[in-house]
1. List every residue pair whose Cβ atoms sit under 6 Å apart, with the two residues 6 or more apart in sequence or on different chains, where the first one lies in segment 271-282 and is free of Cβ contacts under 8 Å to residues at least 24 places away in the same chain and the second, anywhere, is β-branched (Val, Ile, Thr) and more than 8 Å from the ligand (Cβ to nearest atom).
2. Please work out if Gly104 is surrounded by 12 or more Cβ atoms within 10 Å (Cβ to Cβ) and either at pLDDT 95 or above or not aromatic (Phe, Trp, Tyr) (or both).
3. Looking only at segment 255-301, count every residue that is outside any strand (DSSP E or B) and within 37 Å of the chain's Cα centre (by Cα) and tell me the total.
4. Any residue at all in segment 264-273 that's away from the ligand (no atom under 16 Å from the Cβ) and in contact with a strand residue (DSSP E or B) (Cβ under 8 Å, 6 or more places away or on another chain)?
5. Would you mind stating whether Phe244 is of a type in the set (Phe, Trp, Tyr), out of contact with any Ser or Thr (no Cβ under 8 Å at 6 or more places or on another chain) and in the same structural domain as Gln303 (by TED's automatic domain parsing)?
6. Can Arg269 be described as of a type in the set (Lys, Arg), at pLDDT 95 or above and farther than 23 Å from Thr147 by Cβ?
7. Quick test of your reading of the structure: Glu12 fulfils all but one of (1) modelled with pLDDT of 90 or more; (2) over 14 Å from Arg80 (Cβ atoms); (3) surrounded by 15 or more Cβ atoms within 10 Å (Cβ to Cβ). Name the failing condition by number.
8. Might you let me know whether segment 342-356 holds any residue that is within 16 Å of the ligand (Cβ to nearest atom) and outside any helix (DSSP H, G or I)?
Amino acid sequence: MTAIAEPSDLTELVHSATQRFARSDTPADLENAKAQFLGKAGRVTELMKGLGQLGIDEKKSRGAAINQAKQAIEAALNARRQALQDAELAQQLQAEALDVSLPGRARGMGGLHPISRAWERIEQVFASMGFDVADGPEIESDWFNFTALNNPPNHPARSMQDTFYVDLNDEQGQPYCLRTHTSPMQIRYATAHAKKHAAALARGEMSEIRVIAPGRTYRVDNDATHSPMFHQVEGLWLGENVSFKDLKVTYLNFCKAFFETDELSLRFRPSYFPFTEPSAEIDIQFSSGPLAGKWLEVSGSGQVHPQVVRNMGLDPERFIGFAFGSGIDRLAMLRYGVNDLRLFFEGDIRFLSQFR
Ligand code: DAH
C-alpha cells in the first residue's frame, strides 16, 4: 500500500472545511478559513505538492480526486459566503423597516389672510371696471406724501395725519416718512404717464387715467379701529369729463360687487381734504343683513384739485376727475363681520383659520 491519502481522506477534508466554514459567522473569519484550506499554505495546496512523488497513473487519478475535493470546498465556501451576505441583508432590512401602517403627519392647509382676500377682491372688481392697478414705495418723500397733494409744510391739514418720519432727508431737505396714505400714488402714477397723455391730447385723441393703488400705510395710531400699519386703496379717474356722478356710479358698483349685494345705498357727506375740491366722505348703508340701517363711513373722496392736476404734469383745463381713498381693513371688517381691527394683525391662528 502506498502512503497516499485515500479518497476517504478527501471526503474528510471536504467535511472539515464545510464545518469550519459553517462556524465562520463573519466574512473576515470566513476568509481566514478559506486560507486554511485553499490558501498558498492551505491543506489542498499541500496535497497538490505531494503529487510530485507519485507515478504517472496514480498522479492522474489522485490529481483528479484532489481537484474534485477542491471544487467541493470552493462550492461550500461560496454557499457560506452567500449565506452570510443574505443574513446581513436580512438584518439590515429588519433594522431599517418602515411601518407603513403608521398614520402620516397631516400637512395643515394654509389660507390667504382676510386682508389679502379683500385686497385681491378689490383689485378684481376695479380691474373689471377698466382700472389699472399700481404699486409704489412705502417710504415716501415729503413731495409725494404731502406737498404735491396741496399740503405744503406748515399747512394745518398736515396734522390730520400723525406721521412716522424716517431719519433721512430728501433732496429738498425734507425728511422721508412712512406714507400716511396711498394718495401719493396719484401723483406718481399720473406723472409717470403724463407725457403719454399730453401727446395723445396733442393728436386730438381722448386720453384718461383710471387707476387704483392698494397698499400699506402708516400712522401713529393704535386702538380698536386704528392700527399703526393699515391698508388703503387709492382710486383716481381723470379724463375730459369725469364727474362726481361717475364717482358715485363707480363706487356704488364697486361696493355692490365687493359685498355681493344690491341692497346697498351710498351717500356723500361734505368733508375736507387739501387735494380735492369739493371733498366728501362716502358712507354706505345696507338695507338687509346684520349691519342694516346704519350709515358706515368707507372712504374719503373728492374732485381732484386743479393744483394737484398741475403737480401731476397735466393741464387742469383738460383733465378733471375724482379720487378716493378707502380703508381696505375697514372694508374687510364690514365684509367679514370683524369688530376689532387689531385681530387682523395679531396672527392668532384661531382667528385666521376661520377664513380658510
Ligand atoms: N388720503 C386720505 C386719507 O388718508 C383719503 C382720501 C380722501 C383719498 C380723499 C383721496 C381723496 O383720494 O380724494 O385720509
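The values are calculated or read from the model by the stated rules, or taken from the named source; none is laboratory data. Source: prediction; values computed, not measured. Note: ideal-geometry Cβ built from the backbone for every residue, glycine included; neighbour counts use all protein chains shown.
1. That search, which allows pairs on different chains as well, returns nothing.
2. Numbers: surrounded by 12 or more Cβ atoms within 10 Å (Cβ to Cβ): no; either at pLDDT 95 or above or not aromatic (Phe, Trp, Tyr) (or both): yes.
For Gly104, the condition - surrounded by 12 or more Cβ atoms within 10 Å (Cβ to Cβ) and either at pLDDT 95 or above or not aromatic (Phe, Trp, Tyr) (or both) - is not met.
3. To start, the set of residues in segment 255-301 that are outside any strand (DSSP E or B) comprises 255-263, 274-275, 287-295.
Okay, now just the ones that are also within 37 Å of the chain's Cα centre (by Cα), so 255-262, 289-291.
Residues meeting the conditions: 11.
4. Yes, segment 264-273 has at least one match.
5. Values: of a type in the set (Phe, Trp, Tyr): yes; out of contact with any Ser or Thr (no Cβ under 8 Å at 6 or more places or on another chain): yes; in the same structural domain as Gln303 (by TED's automatic domain parsing): yes.
When the stated conditions are applied, Phe244 passes them.
6. Details: of a type in the set (Lys, Arg): yes; at pLDDT 95 or above: yes; farther than 23 Å from Thr147 by Cβ: yes.
Judged against the criteria, Arg269 is a match.
7. (3)
8. Here is the first cut: in segment 342-356, the residues within 16 Å of the ligand (Cβ to nearest atom) are none.
The answer is no, given that none of the residues of segment 342-356 is within 16 Å of the ligand (Cβ to nearest atom) and outside any helix (DSSP H, G or I).
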